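Asker: Here you go, one structure.
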Amino acid sequence: KTSNMTALPLLASAAVRPVVVGLTGGIGMGKSTATTWFRRCGFAVHDSDAAVHELYAPGGGAVDAVCEAFPSARSLSGGIDRAALSLAVVAVGREAALARLEAIVHPLVAASRAAFIERQRAAGEWLVVIDVPLLFETFADEAELRAEVDVALLVTAPAEVQRARVLARPGMTVDKFEAIVARQMEDAQKRRRADYVVDTGLSNGFSETRAQLAACLERLATQHSIAFQRWCALPSAILPDTPPANTPAADTQPADTPPAEAASASIRARRGEGETRAGWAGVRCVTFDLDDTLWPTLPPVLAAAAELERMLVERMPKATAAGKATVTELRAGMSSLAAEKPLLQHDFTALRRESLRRLNAAHSDGLTDGQLDELMDDFVAARSNVTGHLYDDVLPALRALRAAGVCVGAV
């Protein structure tokens with residue numbers, strides 16, 4: 001009975017479509033930064049541009065149809081030569097040719113997205129991201145948009161930031177940039193249709209972008225709590241993709257096995273159910289908090305603070321002469337900065353880095369951005385040095401866990 005009850009949330013999770021986040025934004029607005037963050041958090045991302053590259057590769061699903069419409073676009077390797085395709089589009093007449101090309105490619109990309117979402121549903125994922133640069137342009141009708149995605153997430157930036165980013169790309173020209181922007185919906189219109197807007201152009205860059213994305217994800221977990229809680233019951237999120245030896249994978253199930261049952265069997269296999277590994281049945285990974293678990297909190301903190309003050313005296317003599325190059329003054333600056341920039345209030349690294357930058361500027365100590373980065377790296381190294389502070393039983397315990405084949409991690 002216990003085993004059957006445990007399988008229920010697995011079956012339910014595999015039967016429900018995950019929350020689909022449609023990530024969009026104009027060129028240079030920060031979509032790649034956002035998708036990288038989602039992937040680092042463990043979420044599956046479907047990239048429309050990458051799907052097009054696959055469709056255009058030799059043997060790709062779009063090659064024959066595109067070459068029939070634009071014969072000169074076929075490459076020597078049998079795929080699509082994108083430069084030749086661009087020339088063919090211009091030769092035929094840009095607007096009509098693009099419409100014809102999109103009529104070929106867009107349905108194939110949509111099929112790729114649908115297959116991706118189905119795979120993630122079968123795997124029991126609660127949330128997936130689809131990166132669609134022209135999301136609002138493709139789904140101009142709101143009902144069609146909501147049939148495709150559950151959440152529309154827009155990444156944006158001020159126009160001058162966007163322009164500077166794009167023109168810094170190799171081979172980009174003002175004419176190309178303006179032509180691309182002309183084909184995209186105005187940012188103000190996108191903002192009105194989006195459920196969430198993330199500004200990637202704030203002064204502290206990725207730190208504030210990351211905070212906005214994290215806040216968005218937290219709200220989605222609350223709004224879609226049932227899907228999220230189902231997913232939390234699945235340990236497969238932290239396990240290897242390869243099932244343990246001698247356990248059945250989903251593709252070894254009988255051909256007539258229902259999809260939800262096959263997905264559940266795969267998940268149970270990855271959990272190691274039924275294994276009798278001596279003393280560690282089903283346990284694959286143990287994570288530890290660090291401070292006051294593996295070592296006492298204060299000694300390494302105080303040692304790092306003393307090392308930071310020594311480095312400030314050495315590298316910021318003018319701030320030192322003014323009595324401002326102390327840990328106490330730096331903490332005061334960090335507190336003020338956290339009040340000024342709420343998105344940074346939980347990011348101590350970003351707060352400390354910006355406070356050091358401001359201290360350097362205020363007293364004209366002349367450190368370059370690279371030298372400030374070196375100062376931060378040296379502080380992090382000092383803060384991470386816990387040699388001599390570990391509790392006596394820590395190393396034997398960690399060695400015992402690893403000897404038992406358990407992955408050891410830190411939170």
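Asker: Can you name every residue in region 310-328 that is of a type outside the set (Ser, Thr, Tyr) and out of contact with any Leu (no Cβ under 9 Å at 6 or more places or on another chain)?
Answerer: Pass one, region 310-328, residues of a type outside the set (Ser, Thr, Tyr): 310-319, 321-325, 327.
Correct list: ARG310, VAL313, GLU314, PRO317, LYS318, ALA321, ALA322, GLY323.
Asker: Kindly indicate the residue of region 34-80 that is surrounded by fewer than 16 Cβ atoms within 10 Å (Cβ to Cβ) and polar (S, T, N, Q) and also farthest from VAL105 (Cα to Cα) among those meeting that condition.
Answerer: Top of the filtered list is THR36.
Asker: Continuing with this model, one more query. What's the number of the condition ASP292 fails, among (1) modelled with pLDDT of 50 or more; (2) surrounded by 13 or more Cβ atoms within 10 Å (Cβ to Cβ)?
Answerer: Exception for ASP292: condition (2).
Asker: Just checking: which of the helices (runs of 4 or more DSSP H) contained wholly in region 91-194 hold 3 or more residues that are under 28 Å from ILE226 (Cα atoms) and under 21 Å from the mean Cα position of the chain (by Cα)?
Answerer: Details: elements: 94-122, 135-138, 142-148, 159-167, 174-182, 187-193.
Ranges flagged: 94-122.
Conditions tested, residue by residue: (1) surrounded by 11 or more Cβ atoms within 10 Å (Cβ to Cβ); (2) farther than 23 Å from LEU220 by Cα; (3) at pLDDT 95 or above.
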{"position": "ALA140", "(1), (2), (3)": "no, yes, no"}
{"position": "ALA152", "(1), (2), (3)": "yes, no, yes"}
{"position": "ARG169", "(1), (2), (3)": "yes, yes, no"}
{"position": "ASP175", "(1), (2), (3)": "no, yes, no"}
{"position": "ILE180", "(1), (2), (3)": "yes, yes, no"}
{"position": "GLN184", "(1), (2), (3)": "yes, yes, no"}
{"position": "TYR196", "(1), (2), (3)": "yes, no, yes"}
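Asker: Only one of (1) basic (Lys, Arg); (2) over 23 Å from CYS41 (Cα atoms); (3) surrounded by 19 or more Cβ atoms within 10 Å (Cβ to Cβ) is not met by ARG121, so which one is it?
Answerer: (2)
Asker: Take VAL386 and decide whether it is within 32 Å of the chain's Cα centre (by Cα), part of a helix (DSSP H, G or I) and β-branched (Val, Ile, Thr).
Answerer: no
Asker: So LEU351 passes all but one of these: (1) more than 27 Å from the chain's Cα centre (by Cα); (2) within 28 Å of ALA410 (Cβ to Cβ). Which condition number does it fail?
Answerer: (1)
The values are calculated or read from the model by the stated rules, or taken from the named source; none is laboratory data. The structure displayed is predicted, hence computed values, not measured ones. All Cβ positions, even for glycine, are placed from backbone atoms using ideal geometry, and neighbour counts span all protein chains on display.
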